[in-house]
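Here the structure is laid out as structure tokens; the discussion comes afterwards.
The values are calculated or read from the model by the stated rules, or taken from the named source; none is laboratory data. Everything quoted here is computed from the prediction, not taken from an experiment. Neighbour counts run over all protein chains shown; Cβ positions are idealised from the backbone, glycine included. We work out accessible area using only protein heavy atoms, side chains counted, and drop any ligands, DNA or RNA first. Shrake-Rupley method; radii C 1.70, N 1.55, O 1.52, S 1.80 Å.
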Amino acid sequence: MTSKAAAKTTRATSGEPTFGSVVIVHTFLDTTWRIAVPVVLFTLLGIAADRTFGTKPWLTLPSVVIGFVFAVLLVKRQLDAVAAEDRQ
């Protein structure tokens, strides 16, 4: 067994995070903010607009939809970047 393979085996069984698990956690966290931030931000903007104009819930509902659309676009951009990186 080569020293690199032995080091990987030792590291994987010793409980230390491996490179693959770090990448997975990083990707998960990166995806999470891309979903949460636009939805929460646009929802709060819609609630504030409804309070200002007294139109509850008619500005909040489209704001939530717009937040979801932005979230989908951000995640799609992330997936496209990952696919482009894999092709190289």
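Please compute the per residue accessible area over region 24-88 with all protein chains in place, 1.4 Å probe, rounded to a whole number of Å². Intermediate values should be presented prior to the final figure.
Values: 5040 Å² over 65 residues.
Dividing the accessible area of region 24-88 by its residue count gives 78 Å².
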Note down the relative contact order for region 34-88 as a percent, whole number, built from C-alpha pairs under 8 angstrom at least six residues apart. 41 percent
Label-point separation in nm, Phe68 to Thr52, each point 7 Å along Cα→Cβ: 2.4 nm
